[in-house]
Amino acid sequence: MNAAALTLAAETTDDPIYQTDFIVEMLRQTRALDSYGQWDGKTPQQILDSYVLTKERKREIPVIGDPDDQIISRVKSFHNAIAVLIEKECSLMAVPFVQLTHEGFGRALIVVGKLVVMDRTLRDVHRFGFESLSKMKTEADKYLGVALEIIGKYPEVAGL
């Protein structure tokens, strides 16, 4: 391992965001969907770097484009991680559904029992990302909070 990689690894272990439940689950989900082993031996920072789209990075992505398999995998990992955290909080199975067209439009749902606890329209998925890991976690926390509130309101439907 070179000096730069050692520095990246040290930074990762020092940053408290990498210890949060959501980021730990994002790493787990990203690795789970890695059927070719491209993330083997990579640091958490290197794995999650593709989720961070700064303004400069967004400018580099064409306005029109079809999502590739890596982008679709990132979208699924994000929603899978939220579903796992819902399960962890309420002890009920949460199932994520992500449906996308070849043009990058679609919908993401998370269902608990017979209850839809998250319904999100997806647009321009080829530009899926967040300004920082902190913003990604904040967005996920927002969806998690709303989902748990809905489950709390309709527990009998969520338990079906």
- request: Give the residues of segment 48-74 whose amide nitrogen is closer than 15 Å to a point set 7 Å from the Cα of residue 103 in the direction of its Cβ.
  value: 63-67
query: Using a 1.4 Å probe on the protein chains only, how many percent of the accessible area of the chain belongs to carbon and sulfur?
result: 54 percent
- request: Measure off 7 Å from each Cα along the Cα-to-Cβ vector at residue 70 and residue 24, then give the distance between these two points in nanometres to one decimal.
  value: 2.8 nm
statement: Between residue 45 and residue 160, the FRET efficiency computed from the C-beta separation at R0 = 35 Å comes out, to the nearest 0.05, as 0.30
Between 0 and 90°, nearest 10: helix 3-14 axis offset from the chain longest Cα axis: 30 degrees
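How much length is gained on full extension from residue 95 to residue 63, taking 0.36 nm per residue of separation minus their Cα-Cα distance? Could the numbers behind the result be given before it?
Values: separation 32, 0.36 × 32 = 11.52 nm, distance 3.12 nm.
Residue separation times 0.36 nm, minus the Cα-Cα distance, leaves 8.4 nm.
How many Å² of accessible area per residue for the chain, probe 1.4 Å?
Numbers: 9340 Å² over 160 residues.
I get 58 Å² per residue for this part.
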- request: Give the cross-link partners of residue 137 among the lysines, using a straight C-alpha distance below 26 Å as the criterion and excluding same-chain residues fewer than 8 apart.
  value: 42, 55, 58, 76, 88, 153
statement: Calculated from DSSP helices alone, with each H run of at least 4 adding -39500 (n - 2.57) and the total divided by the residues of the chain, [θ]222 nm to the nearest 500 comes to -16000 deg cm²/dmol
- request: With an 8 Å cut-off on Cα pairs and a minimum separation of 6 or more residues, tell me the relative contact order of segment 70-114 in percent.
  value: 32 percent
- prompt: For residue 160, what charge total do you get from the other residues with a beta carbon under 15 Å from its beta carbon, if Lys and Arg give +1 and Asp and Glu give -1?
  reply: +1
task: Determine, at each q value in 0.18 (inverse angstroms), the log₁₀ of I(q)/I(0) that the Debye formula gives when each Cα of segment 45-160 is one equal point scatterer.
output: -0.92
- prompt: Taking the Cα atoms only, what angle lies between the long axis of helix 21-32 and the longest principal axis of the chain, rounded to 10 degrees?
  reply: 80 degrees
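The values are calculated or read from the model by the stated rules, or taken from the named source; none is laboratory data. Predicted, not measured: the structure shown is a model, and the values here were computed from it. As a convention, Cβ positions derive from the backbone with ideal geometry for all residues, glycine included, and neighbour counts pool all protein chains shown. SASA here: full protein model, heavy atoms, side chains in, ligands and nucleic acids out. Shrake-Rupley method; radii C 1.70, N 1.55, O 1.52, S 1.80 Å.
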